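A short write-up of the structure that comes next.
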Amino acid sequence: KAAESGSADPYDYFVQAGAYRTQADADAQRAKLAMLGWEARVSEREQNGRTVYRVRVGPFSKRDDAEQLKEKLEGAGVESAMVRVQR
């Protein structure tokens, strides 16, 4: 963790709470997160010629913040994964 000594992290972090084949499923997950108090966004992504709807909370500039949210989501029974995106 030497990179954390004052230098800015070149990544943004998101917590992805699912990827769905339909917009409706993604919206349902987004609504569930909203009821738990987290604002998520749905983004479309093409994967293997198929559209996938990803439900993500973020961006977080600090990895620790994303990790804390991931733990809270999992505590609420929501499976999630941390995603790192270069700025």
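The values are calculated or read from the model by the stated rules, or taken from the named source; none is laboratory data. The structure presented is a predicted model; accordingly, all values stated were derived computationally and were not measured. Counting neighbours? That spans all protein chains shown, and the Cβs are built from the backbone with ideal geometry, glycine included. Areas reflect the complete protein model, heavy atoms only, side chains present, ligands, DNA and RNA absent. Shrake-Rupley method; radii C 1.70, N 1.55, O 1.52, S 1.80 Å.
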Tally up the carbon and sulfur contribution to the accessible surface of the chain as a whole percent, 1.4 Å probe, everything protein left in place.
45 percent
Charge dipole of the chain about the Cα centre (unit charges at C-beta), most positive-ward option of Gln68, Ala40, Gln23
Gln23
Which whole-number percent gives the relative contact order of the chain, counting Cα pairs below 8 Å spaced six or more residues apart?
42 percent
Most fluctuating of Gly18, Gly37, Gly58 in the GNM of the chain (C-alpha, under 10 Å) is Gly37
Between Arg45 and Asp65, what is the FRET efficiency for a Förster distance of 30 Å, r being their Cβ-Cβ separation, to the nearest 0.05?
0.80
Using packing as a proxy for protection, rank 62-70, 41-49 so that the peptide with the highest average count of other Cβ atoms within 10 Å comes first.
62-70, 41-49
Angle between the chain longest axis and helix 23-36 axis [Cα atoms, degrees, rounded to 10]
60 degrees
Amide H proximity to Tyr11 below 5 Å, modelled H, separation 5+ or other chain, gives Arg87
Give me, ordered by chain and number, the residues 5 or more places off Gly18 or on other chains with an amide H under 5 Å from its own placed amide H.
Val55, Ala81
Under 11 Å from the Cβ of Gln47, count the other residues' Cβ atoms, weight Lys and Arg +1, Asp and Glu -1, and hand me the total.
+2
Can you tell me the dipole magnitude for the stretch 1-77 around its Cα centre, using point charges on the Cβ only (Lys, Arg +1; Asp, Glu -1), in Debye to the nearest 20?
240 debye
